[in-house]
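Novice: Structure below; questions to follow.
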Amino acid sequence: MTAPAELDRHFREAAGGLPGRPGPADADPAAPVRADSQLDGATLLAIFDAQLESRQLDFAARWMQRQGGGYYTISSAGHEGNAALAAALRPADPALLHYRSGGFYCARAHQVPGIDPVQDVLSGVAASADEAIAGGRHKVFGRAELAIVPTTSTIASHLPRALGVALGTGRAAKLGVASPWPRDAVTVASFGDASASHSTAVGAINAACHTAFQGIPVPLLLVCEDNGIGISVPTPAGWVAASFGTRPGLHYLAADGCDPVATYDAATEAVRLVRARRQPAFLHLSVVRFLGHAGSDAEAAYRSPADLASDLARDPLVATAAALVGAGLLTPDEAVARYEAVAARVRGAAERALSSRPLASAAEVMAPLAPRHPERVAQRVLAGTAGTAGTAGTAGADRAAAADGPVTVAQAVNLALGELLDTYPGMCVFGEDVGRKGGVYGVTKGLQRRFGGARVFDTLLDEQSILGVALGGGLTGLLPVPEIQYLAYLHNAADQIRGEAATQQFFSCGQFRNPMVARVAGYAYQKGFGGHFHNDNAVGALRDIPGLVIASPARPDDAAAMLRTCLAAAAEDGSVCVFLEPIALYHTRDLYDDGDGGWLADYPASPAADAHVPIGRARSYGDGTDLTMVTFGNGLRMSLRVARRLAARGIGARVVDLRWLAPLPADDLLREARLTGRVLVVDETRRTGGVSEGVIAALTDAGFSGPIRRVTSEDSFVPLGPAANVVLLDEPTIEKAAVGLLQTS
Ligand SMILES: Cc1ncc(C[n+]2csc(CCOP(=O)(O)OP(=O)(O)O)c2C)c(N)n1
Ligand SMILES: [Mg+2]
């Protein structure tokens, strides 16, 4: 592997030995550095300084690791040409960057007064609690003042979000919603050559092309920093150009990313195209990778010495020094002196960074994870809904119509969405089939007609992109309400919730937030439309995501009120909410007997006490003293029906609807459990990883000592047809368990 010392020596020798011009280097910095280029001398000097800083930061990170005070060694060495990309952009253009973006970061930081990129990066390496963006939670390139949104280590996972930012900038301006980015912003997203073949990248780039192909503005600049390898696996030569060179709707430009002049000119042209035409472009930069994949990488095991030597001959820092010397802006000695001055400054900063303050407690680590202000959320719900009464728009009229009679769950959600679209000017509802068709189950019917295609729209069939539009939209000031057609289809895009949405505030100390309410139709018991994929109940994949709010309404009135709460929490706290809608109950009208209308409810008018359901508060039914049935979703309807049969047998049951699967309503749960001393958990999801495990653990943790039993569905996928009934929890099983619980205790 090319060692830091070897790289250092090579630069000094190569730059110091450049063929100098006679006399002092006193060229006009305002003049182009080459006759055929737009790059002027002052900009090239700034690019050089950023590249030098980035290189020295890489050396410093390894030195800090050896001192026992550095925790991150993935370097930018060989990729420093991205400083020229930053120079071609505006500092307010939102950027979501590859992890080798030291050059970009330093260059942009120098465009904004008061920011020291050296300190930023080194305090990140040291995992310092005082670090500017993630507060020591990860080493990321990010900073709000620089419009750099931190990205995670999951390669390519930021590209759907980048598409969302690009789409969001124009939409926010159109809707008159305040946004941190200017309306003519170019969103830039960079990634490696191996990452370009990741399905997330391929999907996001395809979504950008698909959108642009329809003439919709997509001001997105995609930058592939191609060093020809992903850890140890070479990318086939020519693959990136062959894959992305001829995509419909995508401008493709290529340049030698080691040559600062070529990079700057190509980047300037790409930025011009994207900004002027509002069309996506793909800038393909050929770069090299020094210092291995990361500090621990034994590169010699998979790369030949000849390979490594040919990379060294392309060192972008030497190329920039040569361009400066060639243009008469520096002498070779001045280039080396500049390098040494930066090295000394960075080394001093690294020494200081070693005494950084680490995050010291779980509370400190978790503070920005998912802030919650329940009083402010409540105020917002009540003020928001009250404020819209009688306002312009049609929601008021629709609410009046709804007040004429009780509604189903589907109608309640539809009415609430309409009301909330009226309340929040930045709210957008989108997904597969939500627009013209109004949703597979009619839940979004009529909304596009009322609120227009800018706020209620169909997307392409790609859940990662749908969530990416939400992630980026939230960052741009919108209030996204994406729909995932079925719970089974959330799983193929789960990282966009887990790795991206839920971590945004955590890795940015709340400087960036992506509020969203992802509506997901889910659970089983569908009549006539069976099989696993339409009857998925795998909520475990969501319940373990830190900070995520999971709403699970079962009744029409709760559905409307809880949706209001989720939107308010998203707006107030930047909360990421998953709103699980029980498909089987969408159109259910009756509870006990045909025609009783027991599952209908009046649309909860506002302002009224029941207009809002605080996050983490359960709802209870009945006042039995023999046992407490704890349930949610379809389980609520089954439990209420069983409770009536139990009453006929002289057994008094209370039924508790959790309503929120995360955070669980632990206090309500304990209180209701203690009222009877016996608990039966009625969980329609799986036995393993389902909700019952969390409920029992919460009761045990709180010291509940009475008998607890649980009934669940099987640890199976749901089969097609009547066979579904043999794996799903049913009423006889619930009733038997309730009776058994009383007999054994
Ligand atoms: C989704 C995902 N899978 C695997 C990894 C582990 N990983 C980190 S970097 C990397 C290679 C990326 O190569 P490339 O995109 O070419 O970027 P480079 O490091 O060469 O700049 C891999 C496999 C990851 N971070 N994310
Ligand atoms: Mg690579």
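The values are calculated or read from the model by the stated rules, or taken from the named source; none is laboratory data. Just so you know, these numbers come straight off a predicted model, no measurement behind them. Don't worry about glycine lacking a Cβ; one is built from the backbone with ideal geometry, like all the others, and counts go over all protein chains shown. Note: areas computed on protein heavy atoms with side chains; ligands, DNA, RNA excluded. Shrake-Rupley method; radii C 1.70, N 1.55, O 1.52, S 1.80 Å.
Novice: Averaging the inverse of every distinct alpha carbon separation and then flipping it gives the Kirkwood radius. What is it for the chain, in angstrom units?
Specialist: Evaluated over the chain, this radius sits at 27.9 Å.
Novice: At 222 nm, what helix-only mean residue ellipticity would the chain give, in deg cm²/dmol to the nearest 500, using -39500 (n - 2.57) for each DSSP H run of four or more?
Specialist: -12500 deg cm²/dmol
Novice: Follow-up. Relative to the longest principal axis of the chain, what angle (0 to 90°, nearest 10) does the C-alpha long axis of helix 41-66 take?
Specialist: Taking Cα atoms only, the helix is inclined about 70 degrees.
Novice: Right, here's the next one. How far, in degrees from 0 to 90, does helix 731-744 lean away from the longest principal axis of the Cα atoms of the chain, to the nearest 10?
Specialist: The angle comes out at about 80 degrees.
Novice: Count the net charge of all other residues whose Cβ sits under 10 Å from the Cβ of PHE717, scoring Lys and Arg as +1 and Asp and Glu as -1.
Specialist: -2
Novice: In whole Å and largest first, what semi-axes does the C-alpha gyration tensor of region 608-745 yield when each eigenvalue is scaled by 5 and square-rooted?
Specialist: Over the Cα atoms of region 608-745, the semi-axes work out to 22, 19, 15 Å.
Novice: Please give the charge dipole size of region 227-333, origin at the Cα centre, charges +1 on K and R Cβ atoms and -1 on D and E Cβ atoms. Round to the nearest 20 debye.
Specialist: Dipole of region 227-333, to the nearest 20 debye: 660 debye.
Novice: What accessible area per residue, rounded to a whole number of Å², is obtained for the chain using a probe radius of 1.4 Å?
Specialist: 36
Novice: Any idea what angle helix 634-648 forms with the longest principal axis of the chain, computed on alpha-carbon atoms, 0 to 90 degrees, nearest 10?
Specialist: Taking the Cα atoms of the chain, the angle to 634-648 is about 20 degrees.
Novice: Quick one: check the C-alpha center-to-center distance for region 100-154 versus region 32-54, whole angstrom.
Specialist: Here the answer is 22 Å between Cα centres.
Novice: Please state the charge dipole magnitude for region 176-280, taken about the Cα centre, from unit charges on C-beta atoms (+1 on K and R, -1 on D and E), reported in debye and rounded to the nearest 20.
Specialist: 540
Novice: Of all the accessible heavy-atom surface of the chain, with the other protein chains kept in place and a 1.4 Å probe, what percent is carbon and sulfur?
Specialist: 55
Novice: Right, here's the next one. Going by Cα centres, region 321-346 and region 193-208 are how many Å apart?
Specialist: Answer, in whole Å: 38.
Novice: Mind grabbing the base-10 log of I(q)/I(0) for region 255-318 at q = 0.28 Å⁻¹? Debye formula, identical points on the C-alpha positions, no solvent, two decimal places.
Specialist: Log10 of I(q)/I(0), two decimals: -1.14.
Novice: Going toward the positive end of the dipole of region 612-745, with +1 on Lys and Arg Cβ and -1 on Asp and Glu Cβ, which of TRP660, VAL718, LEU741 do you reach last?
Specialist: Farthest towards the positive end: LEU741.
Novice: Counting DSSP beta bridges in the chain, what percent are antiparallel, to the nearest 5?
Specialist: The answer is about 15 percent antiparallel.
Novice: Sorted by average packing, counted as other Cβ atoms within 10 angstrom per residue and highest first, what order do 731-742, 221-232 take?
Specialist: Ranked from most to least packed, the peptides come out as 221-232, 731-742.
Novice: Tell me, which cysteines of the chain are without a disulfide-compatible partner by the Cβ under 4.7 Å rule?
Specialist: Here CYS106, CYS209, CYS224, CYS258, CYS428, CYS509 come out as lacking a disulfide-compatible partner, given the Cβ-Cβ threshold of under 4.7 Å.
Novice: Give the residue from VAL274, SER37, VAL539 lying farthest towards the positive end of the charge dipole for the chain; charges sit on Cβ (+1 for Lys and Arg, -1 for Asp and Glu) and the dipole is referred to the Cα centre.
Specialist: It is VAL539.
Novice: Output the peptides 591-599, 132-140, 663-671 sorted from most to least packed, where packing is the average of other Cβ atoms within 10 Å over each peptide's residues.
Specialist: Put in order of decreasing packing, that is 132-140, 663-671, 591-599.
Novice: Determine which lysines satisfy two conditions relative to LYS736: a Cα distance under 28 Å, and not lying fewer than 8 residues away in the same chain.
Specialist: The qualifying lysines are LYS527.
Novice: Students often forget the sequence filter, so: which lysines lie under 29 Å Cα-Cα from LYS174 once same-chain residues fewer than 8 apart are removed?
Specialist: Candidates past the 8-residue exclusion: LYS437, LYS445.
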